[in-house]
Amino acid sequence: MQALVIGGTGPTGPHIIGGLIERGYAVTILNRGHHDRRDIAPLAERLIADPYDSESLLAALADRRFDLCISMYGRLRMIAQALRDRVGRFISIGGAPAYRGYMNPFLYAGGPAIPLQESAELVRSEAEDSKGWRIVRTERAVFETIPGATHFRYPIIYGPYQPVPREWSFVRRFRDGRRRIILPDGGLTLHSFGFAENVAHGILLAVDQAAASAGKIYNICDVETLTLAQVAQAIADHMQVEFEVVNMPYELAPVTRPLVMQPATTHRVQDTAALRRDLGYTDLVPPREALARTTDWLLANSPQAGGIEEQVLEDPFDYAAEDALIAAWQRVLDAFPRPAMAVEPGVGMAYSGPGGRARTQQIFES
């Protein structure tokens with residue numbers, strides 16, 4: 001069996017390629033050759049071409065045909081057209097920004113629906129979200145060209161070789177001895193991420209179950225979604241450091257923008273029910289263990305200070321500014337007037353946890 005992987009050198013690529021080889025595929029990788037990976041070079045044939053250019057792609061493919069193509073990179077619409085009569089099975093990778101409100105959180109009060117099911121509203125026009133609109137149009141074009149394709153909406157991927165390593169914002173600070181970490185709005189934001197091995201596992205389940213997944217679009221991400229504060233805590237626990245969360249309104253905490261990765265602290269949560277129901281997906285690696293592995297990799301392969309990863313994250317790691325911001329926030333808290341209220345508000349009589357309604361009977365009688 002012959003498989004073509006377009007892209008393949010990102011975080012999920014090696015896991016997918018290795019899984020295909022285990023399944024008996026002879027794998028050919030097609031990309032521009034800019035990001036060679038030594039761990040996959042011996043495993044597959046290489047074709048050098050530009051998957052954004054139809055002439056380059058067709059010239060590289062010549063008259064070849066494949067049983068399977070997994071297109072992870074390039075212009076999907078053009079790739080689907082080029083491979084329509086050359087493949088038995090087509091799996092394409094797109095992104096969650098297809099959902100209305102995912103990339104433009106201001107389209108809804110409070111952000112998009114939670115969780116985002118595959119049937120959720122998609123971006124309607126270029127005016128409301130140009131990137132999301134391009135993704136929606138691409139998805140439609142793929143299925144118009146290859147109705148039996150399977151398409152995945154990727155979240156942000158984490159793990160080794162991630163070019164936008166959000167976890168580095170925590171790992172570097174803890175490594176550098178920072179023990180007070182500013183988190184916006186308590187760090188309660190929920191944002192679906194996908195560990196590279198988990199996401200690759202989901203793609204391979206679609207390879208294994210062609211009939212069940214044909215013609216469908218799937219969300220794919222870790223089943224468990226951690227809050228920003230839980231991500232920080234998981235990394236700190238693995239690095240065996242204790243830290244204090246400085247809870248600050250997002251509007252006053254510009255240093256937290258690289259952590260939230262959007263201009264609001266609204267949630268972005270993808271539903272994986274369809275993937276679990278149709279293909280039996282579960283996380284191979286629980287998110288906290290995945291964060292531990294990612295932390296170890298980042299410590300062993302630390303991005304260069306001020307290098308491309310930090311530039312892409314747009315995190316300046318300006319500790320002096322962070323300390324000044326924390327000090328200013330503490331002065332605001334100390335000086336903030338707390339008016340007396342005739343009746344102190346409560347949290348509601350339905351709540352009986354810490355700080356809530358007291359027990360009516362101190363001794364429980366069984």
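Points worth noting:
- In order through the stretch 84-90: 3J(HN,Hα) via Karplus (6.51 cos²θ - 1.76 cosθ + 1.60), integer Hz, x for Gly, Pro: 3, 9, 10, 10, x, 9, 10
- Computed over the stretch 161-318, Kirkwood Rh from alpha-carbon pairs, angstrom: 16.8 Å
- With θ taken as phi - 60° and the Karplus curve 6.51 cos²θ - 1.76 cosθ + 1.60 applied, the whole-hertz 3J(HN,Hα) list for the stretch 224-233 is 8, 9, 8, 6, 4, 5, 5, 4, 4, 5 Hz, x standing for glycine and proline.
- Taking 0.692 mPa s as the viscosity and 37 °C as the temperature, the Stokes-Einstein diffusion coefficient of the stretch 137-177 based on its alpha-carbon Kirkwood radius rounds to 246 µm²/s.
- Tail weight of P(r) past 35 Å, computed on alpha-carbon pairs of the chain, percent: 34 percent
- Here's the picture: charge each Lys and Arg Cβ at +1 and each Asp and Glu Cβ at -1 in the chain, and of G94, Q209, P42 the one pushed furthest to the positive end of that dipole is Q209.
- Relative frequency of Cα-Cα separations exceeding 19 Å in the stretch 68-165, percent: 47 percent
- Given charges at beta-carbon only (K, R positive; D, E negative), |dipole| of the chain in Debye: 520 debye
- Of the residues Q361, I220, S125, the one whose Cα sits farthest toward the positive end of the charge dipole of the chain, with +1 on the Cβ of Lys and Arg and -1 on the Cβ of Asp and Glu, is S125.
- Taking every DSSP beta bridge that has both ends in the chain, the antiparallel portion is near 5%.
- Sequence of S352, S71 when ordered by accessible area, the most exposed leading, probe 1.4 angstrom: S352, S71
- The stretch 122-226: mean projected area of Cα convex hull, nm²: 9.3 nm²
- Euclidean distance between Cα centres, the stretch 143-215 to the stretch 19-92, Å: 22 Å
- Residues whose placed amide H lies under 5 Å from that of K216, excluding near-sequence neighbours: H151
- For the peptides 288-295, 276-283, the ranking by mean Cβ contacts within 10 Å, running from highest to lowest, is 288-295, 276-283.
- Calculated from backbone phi, Karplus (6.51, -1.76, 1.60) coupling profile of the stretch 114-131 in Hz, x at Gly/Pro: 10, x, 7, 7, 4, 8, 5, 4, 9, 4, 8, 7, 5, 5, 7, 5, 5, 5
- Percent of Cα pairs in the stretch 33-119 per distance bin of 10 Å, from zero to the largest separation: 14, 35, 25, 19, 7, 0.
- Helix 196-208 axis, angle to the chain major axis (alpha carbon atoms, nearest 10°): 40 degrees
- The percentage of C-alpha pairs in the stretch 278-319 whose separation is greater than 12 Å is 70%.
- Reciprocal mean inverse distance between Cα atoms of the stretch 213-279 - Kirkwood radius, Å: 14.8 Å
- Every helix of 4 or more DSSP H residues in the chain counts as -39500 (n - 2.57), and over all residues that averages to -10000 deg cm²/dmol at 222 nm.
- Accessible surface calculations at 1.4 Å, restricted to protein heavy atoms, place the chain at 49 Å² per residue.
- Cα-centre dipole for the stretch 179-243 with unit charges at Cβ (Lys and Arg positive, Asp and Glu negative), debye to 20: 160 debye
- By accessible area with a 1.4 Å probe, ligands and nucleic acids excluded, highest first: order of E118, E365: E365, E118
- Over the stretch 299-343: Kirkwood hydrodynamic radius from C-alpha pairwise inverse distances, Å: 13.9 Å
- For the chain, the share of accessible area belonging to carbon and sulfur comes to 53 percent (1.4 Å probe, ligands and nucleic acids excluded).
The values are calculated or read from the model by the stated rules, or taken from the named source; none is laboratory data. As the structure is a computational prediction, the values presented were derived from the model and not from experiment. Note: ideal-geometry Cβ built from the backbone for every residue, glycine included; neighbour counts use all protein chains shown. Just the protein is used for accessible areas: all its heavy atoms, side chains included, with ligands, DNA and RNA removed. Shrake-Rupley method; radii C 1.70, N 1.55, O 1.52, S 1.80 Å.
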